[in-house]
Amino acid sequence: MIKNERSEVLDQRLTDLENAFHHRSAWFHFIVDEAMKQGLDVEFARKAIWRCGVFHATTRYPSKSDLHEFSKVFINDVTRPMFEMEETVSNDELVVRFHYCPAVAIWQKLGVSEEMMRKYCDIGMEGDRGIVSYYPDLEMELPKTIAWGDDYCEVIIKRKKSKE
């Protein structure tokens, strides 16, 4: 069983943002669910969300792969408390742990199966993969996710090792 509980009460601004995230995640579920009912493969969503990530990389993120600057956009004072994030950053690696996922919270309320939540989560992470793909010297790993039953999600963005 997936455990995903908020550890603190958010102020009204963050509650409103979390509600908007819930709304976006509900839209995602209903669009994908309806597409599957009409015989479409859910992979269309993966491609679309990856493209959205690339768009954000080119419009919101720094042009160079400085992980300190990157982390300032990826993690900010609004998203940090909403996702209960903690991070460590160096010149070569950014590790972010998310201790709460508003998407999983709404999918649970909607009665989405754990199998589909895992699929939705992986598809949703295409946005971050799209962002990271903009930087040819960076790569992303996702070793843990709340949707897979882990206590937190862990995103690791690191500099690729040179092939010397």
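Remarks
- Residues satisfying the stated conditions in segment 14-50, i.e. within 29 Å of Asp77 (Cα to Cα), of a type in the set (Val, Ile, Thr) and modelled with pLDDT under 95: Thr15
- Pick from segment 125-164, criterion more than 15 Å from Trp50 (Cβ to Cβ) and among the aromatic types (Phe, Trp, Tyr), ranking: most open to solvent (accessible area, probe 1.4 Å): Trp148
- Within segment 15-55, being charged (D, E, K, R) and closer than 22 Å to Arg80 by Cβ holds for Asp16, Glu18, Arg24.
- Taking segment 10-48 as the range and being over 17 Å from Cys101 (Cβ atoms) and part of a loop (DSSP other than H, G, I, E, B) as the test, the residues that pass are Asp11, Gln38, Gly39, Leu40, Asp41, Val42.
- Restricting segment 110-124 to residues that are open to solvent by 30 Å² or more (accessible area, probe 1.4 Å) and of a type outside the set (D, E, K, R) leaves a set whose member that is nearest to Lys144 (Cα to Cα) is Gly124.
- Residue check for Tyr134: at pLDDT 95 or above and farther than 27 Å from Asn19 by Cα: yes
For (1) among the hydrophobic types (A, V, I, L, M, F, W, C); (2) at positive phi, each residue gets a yes or a no:
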{"site": "Val42", "(1), (2)": "yes, no"}
{"site": "Val54", "(1), (2)": "yes, no"}
{"site": "Ala57", "(1), (2)": "yes, no"}
{"site": "Arg60", "(1), (2)": "no, no"}
{"site": "Lys64", "(1), (2)": "no, no"}
{"site": "His68", "(1), (2)": "no, no"}
{"site": "Ser71", "(1), (2)": "no, no"}
{"site": "Ile75", "(1), (2)": "yes, no"}
{"site": "Glu84", "(1), (2)": "no, yes"}
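- Within segment 86-109, residues that are closer than 15 Å to Ile75 by Cβ and open to solvent by less than 20 Å² (accessible area, probe 1.4 Å) sit with their Cβ atoms under 7 Å from residues that are outside any strand (DSSP E or B) and of a type in the set (Lys, Arg), at 6+ positions apart or across chains, in these pairs: Tyr100/Arg6.
The values are calculated or read from the model by the stated rules, or taken from the named source; none is laboratory data. Note that the structure is a prediction, hence the values are computed from the model and not measured. Ideal geometry is used to build each Cβ from the backbone, glycine not excepted, and the neighbour counts take in all protein chains shown. Note: areas computed on protein heavy atoms with side chains; ligands, DNA, RNA excluded. Shrake-Rupley method; radii C 1.70, N 1.55, O 1.52, S 1.80 Å.
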